[in-house]
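Report on the following structure.
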Amino acid sequence: MMTRWFALALLAPTLLAAQQPARERSCNLDLYNYDTTTTLAIKLPSGQYNSYYGRGIRGRCTNTDQRLSGDSLEAMGDSKSYVIVGRAHYEEKRVRLDADRIYYFQSEERVLAEGNVVAVTEKGTTMRGPRAEYFRAAPGLRGDSRLIATGRPVTKLSPDDAGGNGTDTVEVIANQVTEVADSLLYAGGSVIITRPDLIATSDSATMNAGTEWARLDGRPRIEGRGESVFTLVGRRVDIWSRDRRLERVLSADSAKATSEDVTLASDSIDLRLTDQKLSRAYAWGPSRARAEATDRHILADSIDVDMPGQVLRELRALRGAYASSRTDSSKFVSTEDDWLRGDTIVAAFDSVRAAGDTAAKPVIRLINALGAAASFYQVASSQGAKAAPNLNYVKGKAITVNFGADRAVSRVTVREQASGIYLERIPDDSLKADSTKARPAGSATDDKAKAPTPVRTPPSGAPAAPPPTPVKKP
């Protein structure tokens, strides 16, 4: 049977402290004991008491919402602190703490929990680890509460704490995690963030539950999960969500993004998602933007990729654009790439896939080059796959290259200020036929060809004749 035992009050402050206005005591603790509870009180020279309670204890602060309970409790009069040992529990509106030991330092409004710590915030975020400190919001000390967990705790943000209304949680593992005012969360040291739509790693992370924004610093890496399959790296990554659904990922400095159909690399990369799938990607920066799409490489000051439903449909390269593609070695022998350049390049892809065929790559349909455009491409020779190709170079104000079903160039259209050259390889057999044409027997030309060439020896002491002047080949 539980009965009310007595009210524990802290005595007057020392003479030095009494010279200043005394801050109102935050906790007037009332303790409740069980039939088995033992007690011991020792008076100190200061007039304060150290009191010890065992075999079950719990109490409440009459002027606040704080609650304490555990197997035993020590109340230190001079230091104005409490120590709860064994099944220790501390509770108030903002947080609940359970641990092997809990220390409450009243003058600092600080609660320290050690051993098998479980901390739960008002919004449902849970921290589990070996150690946690809770700093209460108190007038004259601090305006916002703060919860710090160390020893690589596992933190799970509830849907409410993460700003959403679903049932999924966000898990954060780091060497240290700090939560401020149930809103801001700072994680440091080998951070791993796991949520239904992505997994992220970095050296440190900042998360704002109110705005659903997060920043990762120090070797960040983002991997999309589920339907939004992608990878993004850089030196700093920002993440935005709405209702716990990923909407935007921005990587700054040495950024690289990889999806099923395209790989982007630049100083900055901005990925946009619609319905949990990649729908748009932007790349730009002083080092220029680079894209690898199917078998083509594209370089420009900036690149805009349109990929609704995470299927590549159109790629735009702006300012100083250059696109190259590898040739088909089964058609001819060449070490050169086909290329196209212009102020702007737009590549269009056939993004229609067969039902259920998610592995098929989009097939390029055409490429447009606009402004000071030039194109070089190679065509298979009639001499077979082991021969060198025919060469085609054109330039104009605009060039359109169309591709066939086999991804080979089918037509090149040049508009305005068109010029160019086409080089076709002459078959080796035709050259051989011209050089070995039959001549009539006994002809002067034939006899002259058979006559030996006289050799003249210079007279003794004469200078040697200069070497013949080399003949330049056309």
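Some points to look at:
- All conditions in (1) surrounded by fewer than 17 Cβ atoms within 10 Å (Cβ to Cβ); (2) free of Cβ contacts under 8 Å to residues at least 60 places away in the same chain; (3) within 30 Å of D406 (Cβ to Cβ); (4) not assigned by TED's automatic domain parsing to the domain that holds I364 hold for A281, with the sole exception of (1).
- Index of the failed condition, E122 passing every other in (1) free of Cβ contacts under 8 Å to residues at least 60 places away in the same chain; (2) surrounded by fewer than 16 Cβ atoms within 10 Å (Cβ to Cβ): (1)
- Unmet requirement for K43, which otherwise passes all of (1) under 30 Å from T121 (Cβ atoms); (2) exposed (fewer than 12 other Cβ atoms within 10 Å of the Cβ); (3) at pLDDT 90 or above: (1)
- Any hit, region 384-397, residues being loosely packed, with under 10 Cβ neighbours inside 10 Å and either modelled with pLDDT under 75 or not basic (K, R) (or both): no
- Screening R94 on (1) among the basic types (K, R); (2) farther than 30 Å from A181 by Cα; (3) in contact (Cβ under 8 Å) with a residue 40 or more places away in the chain shows it passes everything except condition (2).
- Candidates are the residues of region 322-342 that are part of a loop (DSSP other than H, G, I, E, B) and basic (K, R); the one that is nearest to E292 (Cα to Cα) is R326.
- Residue-level check: of (1) modelled with pLDDT of 55 or more; (2) out of contact with any Leu (no Cβ under 9 Å at 6 or more places or on another chain), P459 misses just (1).
- Hits in region 404-432 (condition: of a type in the set (A, V, I, L, M) and either modelled with pLDDT under 85 or assigned to a helix (DSSP H, G or I) (or both)): A405, A408, V409, I426, L431
- Test: S241 is crowded, with 21+ Cβ neighbours inside 10 Å and over 30 Å from I345 (Cβ atoms): yes
- Note on region 216-321: enclosed strands (runs of 3 or more DSSP E) holding 3 or more residues that are farther than 30 Å from T169 by Cα are 262-274, 277-293, 296-306.
- Failed item in (1) closer than 20 Å to R316 by Cβ; (2) at pLDDT below 85; (3) over 35 Å from the mean Cα position of the chain (by Cα), with V379 passing the rest: (1)
- Entirely in region 36-144, the strands (runs of 3 or more DSSP E) that have 3 or more residues that are within 21 Å of L185 (Cβ to Cβ): 95-105, 110-121, 126-135
- Residue within region 132-140 that is touching a strand residue (DSSP E or B) at 6+ places or on another chain (Cβ under 7 Å), surrounded by 21 or more Cβ atoms within 10 Å (Cβ to Cβ) and within 24 Å of T194 (Cα to Cα) present: yes
- Residue identified as crowded, with 18+ Cβ neighbours inside 10 Å and out of contact with any Leu (no Cβ under 7 Å at 6 or more places or on another chain) among T201, T211, T169, T194: T201
- In this structure, D261 does not satisfy being touching a Pro at 6+ places or on another chain (Cβ under 7 Å) and within 15 Å of S251 (Cα to Cα).
- Some residue of region 216-228 being touching a Lys or Arg at 6+ places or on another chain (Cβ under 7 Å), of a type in the set (D, E, K, R) and closer than 26 Å to K123 by Cβ: yes
- Qualifying residue in region 59-70 (condition: surrounded by fewer than 11 Cβ atoms within 10 Å (Cβ to Cβ), under 24 Å from A113 (Cα atoms) and modelled with pLDDT of 80 or more): yes
The values are calculated or read from the model by the stated rules, or taken from the named source; none is laboratory data. For clarity, every value in this text was computed on a predicted model and none was experimentally measured. Neighbour counts are summed over all protein chains in view; Cβ atoms, including those assigned to glycine, are modelled from backbone coordinates with ideal geometry.
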